[in-house]
Structure formats: structure tokens, C-alpha cells
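Here's the structure we're looking at; comments come further down.
Values quoted throughout were computed directly from the atomic coordinates according to the rules given, and no laboratory measurement underlies them. The shown structure was predicted, so the numbers you read here are calculated from the model rather than taken from an experiment. Quick reminder, even Gly has a Cβ in these numbers, built from the backbone with ideal geometry, and neighbours come from all protein chains shown.
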Amino acid sequence: MIKKPIVMILALIFAASGTALGQTSAFTFQGKLTDTSLPANGPYDLVFRLFDSAEAGTQIGPDITIEDVNVSGGLFTVMLDFGQAAFSIGDPRFIQVSVRQGASTEAFTELTPRQEINSSPFAIKSRKADEADTAASAANADNAANAANAANAAQLGGIAADQYVVTTDPRMSDERPPAPGSSNYIRN
């Protein structure tokens, strides 16, 4: 009887942790593999390489080798993570897959063509995110929650910035005690 609440609690923890941890650079890669024109079945060793072009080009990041991937009816699914830096500038990326049967010690066979990676991994970082840290202006920041560093704000609530006085301004204090009967102070 106690198993049901524990399972529910664990399910809630796992559901909440997905939203709390945020996005990673790992992504799912699915493929279809044939062996002599028939859908492949059984364990296969796969090597994944990331490149900056469909042919030739420069390899980005390390080789990712995954051994004994279960292939069923020709289909397989793996998780790949070349790291956030591999996708940081938004340029096209292509995956090259090499394969061999799982128990084999033979060389890997390189599959062609390379597969282009589409938008999901690029969602990690906007192409313009680096520029936001050093932006000279913000054309539309009507809903900014914090403008601690907005030293050149032209208007604050419709009032020109030079019309505000900070509480540390010496004009805000007068150390002299007012003379009795003086109209230069407020009495309660």
C-alpha cells in the first residue's frame, strides 16, 4: 500500500526536476539503418562526428562512440551531446555516422550523406545573445524589470532624468536646527 504514494512522489520530483534544471545541449538523434538492403536488427556500434559542412569541412567537437545500440526494424535512437559551444554561433552543422555490427572489431563503415541538424540544438542560444551583454541601446525596453545600469535613461516615468534627486544629494539635508517660529520647516 505504501508503494503507490512513493511512486507518486517520485513521479512528481522527476516532473519538477525537468523544469528546474533547464535546457542542456544534449539532443535525440534517430536513424534508420539497413544491412544489405534489409532493415538492420540487433546491436550495432555507432560513431557520430559533427561537421560544419555537408562534405569535407572541419570537425566540431569530439567523436561520440556508442556501443551496442539496439537497432530494431532498422530504427535506432540515441542521445548525443557535442556541448553547447558546438552550436553557439548558429552556423550549419552536419552529423556523420559510422557503423559496425556490435560484436565486431572490424573498422567502422562511414555512412553518406551527412545529416544536417535542424533547429532544436540551436535553441540553446540566440544568434544575437552575445551582443545583448554589451548593447549600446535598447529600442524597446518598456517592460524592463530591472534597469540598475540604465545610466543614460532619457525619461523615467515621463519625467526627465535630470529632474530626479538622489537621497544622498547634499541638498536633501540641512544640519542646522530651524529657529523657533521659522516657517522653513513643517510641524505636525
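Could you state, as a whole-number percent, how many of the C-alpha pairs of the stretch 24-127 are farther apart than 20 Å?
Numbers: 2066 of 5356 pairs.
Tail of the P(r) past 20 Å holds 39 percent of the pairs.
With the cut-off at under 20 Å, measuring from each backbone N in the stretch 77-97 to a point 7 Å along the Cα-to-Cβ line of residue 104 picks out 77-78, 96-97.
Evaluate E = 1/(1 + (r/R0)^6) for residue 84 and residue 41, where r is the Cβ-Cβ distance and R0 equals 41 Å; express this FRET efficiency to the nearest 0.05. Present the calculation step by step, with values, prior to reporting the outcome.
Details: r = 35 Å, r/R0 = 0.85.
According to the calculation, E is roughly 0.70.
Using mean Cβ contacts within 10 Å as the protection proxy, how do 96-105, 41-50 order, highest first? Each step should come with its number before you reach the end.
Values: 96-105: 15.3, 41-50: 18.5.
In decreasing order of mean packing, 96-105, 41-50 become 41-50, 96-105.
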